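Inspection log for the structure reproduced underneath, given as structure tokens.
The values are calculated or read from the model by the stated rules, or taken from the named source; none is laboratory data. Bear in mind that the values here come from a model prediction, so they are computed numbers and not experimental data. When we count neighbours, we look across all protein chains shown, and the Cβ atoms used for this are built from the backbone with ideal geometry, even at glycine. Just the protein is used for accessible areas: all its heavy atoms, side chains included, with ligands, DNA and RNA removed. Shrake-Rupley method; radii C 1.70, N 1.55, O 1.52, S 1.80 Å.
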Amino acid sequence: MSRIGRKPITVPAGVDVKIDGSTVTVKGPKGTLTNTFSKEISIKHEGTEIIVERPSESKLHKSLHGLTRTLINNMVEGVTNGYAKSLDIEGVGYRAQKQGKNLVMNLGYSHQVIVPEIEGITIDVPAPNKIVINGIDKQKVGQFAAEVREKRPPEPYKGKGIRYTGERIIRKEGKAGKGKK
């Protein structure tokens, strides 16, 4: 049996879970998330736990079992605590600031890069070289952070660009000097 799939999901106090067939709605202090899963996987709400079960030992059911359990757990975690991704900007003159609902970045281009906030995501800029992206949907937060990082990914020679906090960039040596024959 799947090690992840067989673990029950504990529902904390203040979180309301509604299961309607294969659609799960999780309502908590930070918001509401709804997701539809495969009809073949059974989802039960018993007391303060959600249990995910599969009908057979086929490869498809095994993979859906762990996936469904993890996605529901991420929904419960998101409406209680939320998710955050932190990005660092490195480079001379590279900086970010918040103007209304837009993230305005100077990234060495001849123009400013403007990224608008999307629904369900909030952007914080605690320092000119730090961006924090918050939200309740783990997938949305990760995707939006990847899109912001894509505006100027870190380059391997000087390390300039936007990187995740704690991300290690493998550096390359520059061109060799004269006299090599």
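Checking the structure you have, find out if any residue of the range 71-82 is touching a helix residue (DSSP H, G or I) at 6+ places or on another chain (Cβ under 6 Å), farther than 27 Å from GLY166 by Cβ and aliphatic (A, V, I, L, M). Looking for residues that are touching a helix residue (DSSP H, G or I) at 6+ places or on another chain (Cβ under 6 Å), farther than 27 Å from GLY166 by Cβ and aliphatic (A, V, I, L, M), one finds none in the range 71-82, hence no.
Each row is one residue, and each column tells you yes or no for (1) under 30 Å from ARG6 (Cα atoms); (2) at pLDDT below 95; (3) not hydroxyl-bearing (Ser, Thr, Tyr).
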| position | (1), (2), (3) |
| --- | --- |
| SER63 | yes, yes, no |
| LYS85 | yes, no, yes |
| GLY93 | no, yes, yes |
| GLY100 | no, yes, yes |
| ALA146 | no, no, yes |
| GLU155 | no, yes, yes |
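Could you tell me which residue of the range 1-29 is most open to solvent (accessible area, probe 1.4 Å), considering only residues that are closer than 11 Å to MET75 by Cα and not hydrophobic (A, V, I, L, M, F, W, C)? Here the answer is LYS27.
Counting only residues that are among the charged types (D, E, K, R), touching a Gly at 6+ places or on another chain (Cβ under 8 Å) and farther than 19 Å from GLN143 by Cα, which one in the range 65-111 is least open to solvent (accessible area, probe 1.4 Å)? Filtering the range 65-111 for residues that are among the charged types (D, E, K, R), touching a Gly at 6+ places or on another chain (Cβ under 8 Å) and farther than 19 Å from GLN143 by Cα, the one least open to solvent (accessible area, probe 1.4 Å) comes out as ARG69. Looking across the range 34-57, the residues that are of a type in the set (Ser, Thr, Tyr) and either surrounded by 13 or more Cβ atoms within 10 Å (Cβ to Cβ) or within 21 Å of GLY14 (Cα to Cα) (or both) come down to THR34, SER38, SER42, THR48.
Need pairs with beta-carbon distance below 7 Å; first residue over 11 Å from ILE50 (Cα atoms) and within the range 5-24, second part of a loop (DSSP other than H, G, I, E, B) and among the aromatic types (Phe, Trp, Tyr); sequence gap 6+ or separate chains. That search, which allows pairs on different chains as well, returns SER22/PHE37. Counting the residues of the range 36-67 that are of a type in the set (Val, Ile, Thr) and closer than 13 Å to GLY21 by Cβ gives 3.
Number of residues in the range 25-47 that are of a type in the set (S, T, N, Q) and without any contact (Cβ under 8 Å) to a residue 24 or more places away in the chain: the value is 4. Among the residues of the range 129-164, the one identified as aromatic (Phe, Trp, Tyr) and open to solvent by less than 40 Å² (accessible area, probe 1.4 Å) is PHE144.
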